[in-house]
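The values are calculated or read from the model by the stated rules, or taken from the named source; none is laboratory data. Please read these numbers as outputs of a predicted model, since none were measured by experiment. Cβ: placed from backbone, ideal geometry, glycine included. Neighbour counts: every protein chain shown. The protein model used for the area step is the full one, side chains on, heavy atoms only, and it has no ligands, DNA or RNA in it. Shrake-Rupley method; radii C 1.70, N 1.55, O 1.52, S 1.80 Å.
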Amino acid sequence: MKKKYWKRKIISLTVILSLVSVTSKILAETVPMVGAFAGKAAIVSASLSLPEGGNSILYPEIENSKGDEETGQLIIDKSDYKKDFTTNQSNSNQDIDSPPKANFSEEQISQFPENNGPIIRKHYQAGFGEQYINIGGLAYVRNMTNLPNQVVIDANNSPPAFNIDKSKDPQVLIMHTHTTESYELIEKDYYDNNFPTRSKDTSVSVVRVGEEITKGLQQAGINVIHNTTIHDDPAYNGAYNRSSQTIQEILKEYPSIKVVLDIHRDAISTDAGERYAPIADINGKNASQIMIISGCDDGTMNFPNYSQNLSFACLLQRQTESDYPGLTRPISFKYKHYNQSLTPGSLLIEFGGHANSVDEAIYAGWLFGKSLARALQTIQN
């Protein structure tokens with residue numbers, strides 16, 4: 001009798017343990033999903049504040065569009081749920097030379113010691129839904145238009161509508177519509193409201209990033225012009241009109257130019273006072289994440305050949321992700337112009353946000369300059 005009793009006990013205990021294991025697994029897989037969608041609902045219903053005109057907000061789960069190119073007014077899109085992760089994977093493509101760094105004095109850094117809010121570093125990848133289209137490896141396009149995804153797929157399968165010449169004539173123009181967009185002096189976990197997020201000091205602005213991209217092309221033997229004309233000061237409104245004039249004047253003088261890259265940075269914050277710095281771990285070092293924006297004509301922009309620009313954007317995205325996995329956010333394909341009708345190789349590229357440090361942005365520019373050169377060499381005559 002005792003043997004039968006203990007045998008029944010052991011069988012019962014085994015069944016209970018099995019049920020507990022299965023239940024735990026179901027909860028582990030279900031609860032995060034429930035929590036994620038609950039979080040999405042809470043975020044979408046919350047009111048969001050904007051730190052400065054013409055920049056987008058990117059909460060951990062919400063990405064909003066860039067500001068209107070003429071008025072600087074923001075167009076908010078709260079529809080997208082995004083997943084995020086922090087990567088510990090270092091890229092195996094070690095570069096022989098070392099990335100440059102900014103050098104600021106202790107006096108410069110200590111000017112802004114106040115802690116007005118947290119800076120949170122996060123890595124962003126493609127979100128859920130059909131609007132995220134894989135174009136190879138870890139490279140993605142986010143289709144924010146009403147066009148079918150086949151338009152993106154066709155553009156990805158088409159080569160750029162131009163080739164790069166080996167001649168000494170300029171092939172690339174690097175410029176800045178929002179020339180004064182700047183970064184934090186150092187990597188830290190808080191920000192000070194007294195520290196300006198726009199500056200004419202090119203050592204802390206997107207111009208510094210443009211310098212690194214320029215160097216990468218020059219080292220590869222590709223002739224490039226870096227124009228540092230300020231288009232957003234003293235007036236922000238009309239910056240794209242002014243930068244269009246600059247671009248057209250340069251194209252008239254140098255008709256050999258095929259590629260025009262408008263280098264920006266994002267602005268990422270929440271109503272709660274948090275600022276987010278999009279980062280990627282590349283070879284054990286933080287680089288600000290990059291987002292390529294490729295415009296699309298809604299029928300009102302006189303921009304019928306937008307798919308040619310998208311083809312070039314896809315080439316850059318694939319090359320950059322192949323070289324440095326995780327460095328990019330998905331290409332933003334949306335109804336915007338951004339002067340991209342001026343050449344089939346015109347794109348807007350954002351390097352991090354206002355919470356990223358100058359060194360993180362410089363590192364991203366340094367890496368991207370190498371990938372850009374490699375991509376252009378694949379279409380070189």
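Computed over the alpha-carbon pairs of the stretch 303-381, the distance histogram in 5 Å steps reads 3, 14, 24, 23, 20, 13, 4, 1, 0 percent, short to long.
Average accessible surface for the stretch 215-311: 39 Å² per residue, computed with a 1.4 Å probe over protein heavy atoms with every protein chain in place. Between Asp201 and Ile379, the simple spin-label model (points 7 angstrom out along Cα→Cβ) gives 3.8 nm. Note that the stretch 96-199 carries a Kirkwood radius of 19.1 Å, evaluated over its alpha carbons pair by pair.
Looking at the square roots a ≥ b ≥ c of the eigenvalues of the Cα gyration tensor of the stretch 276-322, which shape do they give, rounded for a/c under 1.5, prolate if a/b is larger than b/c, or oblate? Oblate shape, in that a/c is at least 1.5 and b/c is the bigger or equal ratio.
Could you tell me the center-to-center distance, by alpha carbons, between the stretch 165-182 and the stretch 276-313 in angstrom? Between the Cα centre of the stretch 165-182 and that of the stretch 276-313, the gap is 16 Å. Separation of the stretch 117-153 and the stretch 215-237 by C-alpha centroid, Å? The two parts, judged by their Cα centres, are 27 Å apart. Using the Cβ-Cβ distance between Asn237 and Ser105 with R0 set to 30 Å, the FRET efficiency from 1/(1 + (r/R0)^6) comes to roughly 0.30.
The translational diffusion coefficient of the stretch 153-267, from Stokes-Einstein at 25 °C and 0.890 mPa s with a Kirkwood hydrodynamic radius over alpha carbon pairs, comes to 155 µm²/s. Between Phe128 and Glu274, full extension at 0.36 nm per residue minus the direct alpha carbon distance yields a gain of 50.2 nm. A Förster distance of 22 Å, applied to the separation of the beta-carbon atoms of Leu251 and Gln150, puts the FRET efficiency at 0.10.
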